[in-house]
Structures are given as structure tokens and as C-alpha cells.
1. If I take R0 = 41 Å and measure r between the Cβ atoms of residue 305 and residue 140 in this structure, what FRET efficiency does the formula 1/(1 + (r/R0)^6) give, to the nearest 0.05?
2. What is the extension gain from residue 234 to residue 63, computed as 0.36 nm multiplied by their sequence separation minus the C-alpha to C-alpha distance, in nm to one decimal?
3. Less than 9 Å Cβ to Cβ from residue 109, Lys/Arg counted +1 and Asp/Glu -1: what total charge do the surrounding residues give?
4. Post the alpha-carbon centroid distance, the range 124-165 to the range 248-268, in whole angstrom.
5. Assign one of three labels to the range 199-286, namely rounded, prolate or oblate, based on the Cα gyration tensor with a ≥ b ≥ c the square roots of its eigenvalues; rounded applies when a/c is under 1.5, prolate when it is not and a/b is larger than b/c, and oblate otherwise.
6. Please go through the residue pairs 108/189; 128/167; 74/181; 189/260; 81/167 and name each one whose alpha carbons sit more than 24 Å apart in this structure.
7. For residue 170, list the aspartates and glutamates whose Cα falls under 16 Å from its own Cα; do not include residues on the same chain fewer than 8 positions away.
8. Say the cut-off is 18 Å between C-alpha atoms; which of 206/273; 72/269; 141/273 go over it?
Amino acid sequence: MVVSAEQARQKAEARRQRILAKSAERLDMASNGMASKEVEHSVPLSPVRRRRNQNKKKKTVEKLRLTLHATKLKNVAGLGKGISDPYANVTLVTSGRELILGQTEVVKNSIHPTWTSSFLFDYNKGEKMSIEVSVVDEVTKGSHIPMGSAAFEIGDILGSQGSIKGKELKEGGMLHARISKVPSRSAGKLSLRLEGKDLRNVEISKSDPLFELCRTYDGGKSWTPVYRSEYVMNNLNPDWKAASIDVNALCDGDLKREIKLAIFDYERKGENKPLGAFYTTVNELMQSENSKLIHSGNVSKAHGTIFVHECKITGAEPEEVNPP
């Protein structure tokens with residue numbers, strides 16, 4: 001059958017009008033919140049595509065926190081140059097893309113550094129993600145020196161006991177990565193100002209005190225520093241600068257959870273020397289704002305006093321209240 005140009009034009013125009021009418025109908029349904037199942041499933045999905053869509057719906061995103069520490073690193077400072085000053089560079093790798101999470105602080109004179117820096121990132125359950133960490137020795141004058149690197153699969157860390165995993169470094173030593181879940185509610189920042197009185201002297205002149213705020217992940221068997229202050233030179237009565245600490249990082253927002261405050265003497269060569277410690281909670285620090293005795297070794301003997309001059313939380317999100 002021969003179709004004239006005019007007939008072909010009319011058929012094409014009629015088809016265009018039908019498509020426009022269906023589109024208008026769908027838009028009208030969507031605007032009224034009444035999109036029908038027939039419209040949604042007008043094109044049947046293959047079993048493979050259906051499973052893919054279901055998996056996408058099942059995917060959940062979690063906010064995670066990464067912390068790092070290392071043991072027995074190789075000292076690369078060089079003969080007569082003391083001990084290395086290590087820091088770590090951290091990169092998140094997912095779906096072939098790299099996201100630089102940042103760099104830790106430098107831990108001076110240590111081949112067993114525990115960095116207080118932590119790194120937050122979003123984790124898609126079921127998606128392959130990894131963390132790449134390179135450890136570097138800071139050199140004041142000259143090029144920084146690599147100390148080793150390692151890669152960690154996020155799923156491997158989460159599946160390990162205590163959500164912590166160690167990797168041996170080719171250059172020597174072990175690098176440990178810990179991952180913890182971040183509470184959905186921000187507990188704000190803890191503003192804390194402390195002063196020490198009559199601290200223990202472990203130097204020929206006077207101690208150079210600093211303090212650490214520590215948390216536990218294993219019920220108090222071990223303690224991990226979350227904040228490390230600057231040291232105060234030759235002073236047994238240090239008045240430290242005000243600190244700002246993420247409350248979720250310190251105690252997961254639980255103000256009644258036990259934390260540890262430890263005092264050290266800063267050492268220019270070698271590990272810092274402990275001067276004492278005590279256990280408390282954020283609530284106790286906020287409610288007391290007074291003195292705390294420091295104990296070292298024999299708990300019956302005190303070695304100085306810590307005065308809390310300021311302790312308050314700012315920027316906390318309100319807690320959800322369940323309806324009655």
C-alpha cells in the first residue's frame with residue numbers, strides 16, 4: 001500500500017499527540033501524589049535490574065571515625081639526629097576515586113606514635129572502600145623521609161576484633177588502624193582549661209608538663225589519647241591554654257562514661273615520662289570545676305593537683321525525646 005506524504009505526516013502528528021497526552025497524564029498524577037503502579041511499572045524490569053534496584057534501596061550510609069597508632073617504627077632520623085618525628089597522610093579510596101582525608105599531627109621523638117587526630121568519612125555498606133596511610137618523618141631542614149605505608153580494607157577493619165587491624169610495614173614496625181561508629185547526634189565541643197600545682201619533678205631543672213585526655217574502647221583495659229596539650233617549659237605549676245575537644249570523639253556523647261586525664265613530662269629525646277593520672281567523667285569535670293589529685297604508681301600517694309578553671313560544652317545538638 002502506498003502512503004502519501006500527507007498521510008505519513010498525519011500519522012506522525014497523531015503519534016506525537018498521544019505521547020504528549022500520556023506525559024501530561026503522568027505529570028498530573030505525580031503532582032497530586034497519585035502516580036499509579038501501572039505508570040511506575042509500565043516497563044517491566046528484568047530480574048537483574050530488579051535486584052540492583054533492591055540493593056540500592058538496602059544500602060545504608062554510616063558515619064565512621066578512623067584513628068591511627070604505630071609501634072616499633074624504624075628510626076630514620078639518621079646518626080646523631082635523635083629520633084624520628086612521625087606523622088601520617090590518610091587517603092580514602094572508593095570506586096577508583098581517591099579522597100584525601102588529611103594529615104595527623106606530628107608526634108615528636110617517637111617510634112611508637114599514637115596520633116590524636118581522627119578522620120570522619122561516610123561508609124556505604126556493601127561498597128568496597130579502603131584507607132591508604134603513609135607514615136613520614138618530619139625533617140625541619142630538608143626533605144621529609146618516608147617511614148612506610150599500608151592499605152586497609154574498611155570491611156576488614158570492621159570485621160576484626162575490636163574493629164582494629166594492624167599491618168606490618170616493609171620499612172619496619174606496625175601500623176594500626178581503628179574504626180568506630182560516630183553517633184548520629186553531635187554532642188558538641190568541650191572547652192576545658194586546666195592548671196597544675198606542685199607537679200612531680202623528674203628533671204634536673206624542672207619538668208615540662210603536658211596533659212592528655214584519653215578514652216577507652218575496651219572497658220578500661222587500654223586508653224587512647226583523644227587530645228594532647230602543648231607542654232609548658234620548666235614549670236611545676238603549669239597553666240595550660242584552653243582546649244577544645246570533640247565530645248563524641250572523647251566519650252561518644254556519654255557524659256557519664258569514664259575518661260582518663262594523664263600528665264606527662266615532655267622529652268626532647270625519647271618517650272615522654274608519666275607524671276600521674278586520674279579517672280573522671282565529663283559530667284564530673286563540668287560539675288566540680290575544682291581540684292583533682294594526681295596519682296602515680298602507688299595510688300595512695302598524690303603527686304600534685306589539677307585545678308579545673310573552665311569546663312563547658314557548646315554546639316551540642318538537642319537530644320531526641322520520645323513522644324509519650
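Every number in this text was worked out from the coordinates using simple rules, so none of it is lab data. Here the structure is a predicted model, which means the values were calculated and not measured. Cβ: placed from backbone, ideal geometry, glycine included. Neighbour counts: every protein chain shown.
1. 0.70
2. Gain on stretching residue 234 to residue 63: 57.3 nm.
3. Net charge in that neighbourhood comes out at 0.
4. Each part's Cα centre sits 24 Å from the other's.
5. Since a/c reaches 1.5 and a/b is larger than b/c, the shape of the range 199-286 is classed as prolate.
6. From the list (108/189; 128/167; 74/181; 189/260; 81/167), the Cα-Cα distance tops 24 Å for 108/189; 74/181; 81/167.
7. Excluding near neighbours in sequence, the set is 132, 137.
8. 141/273
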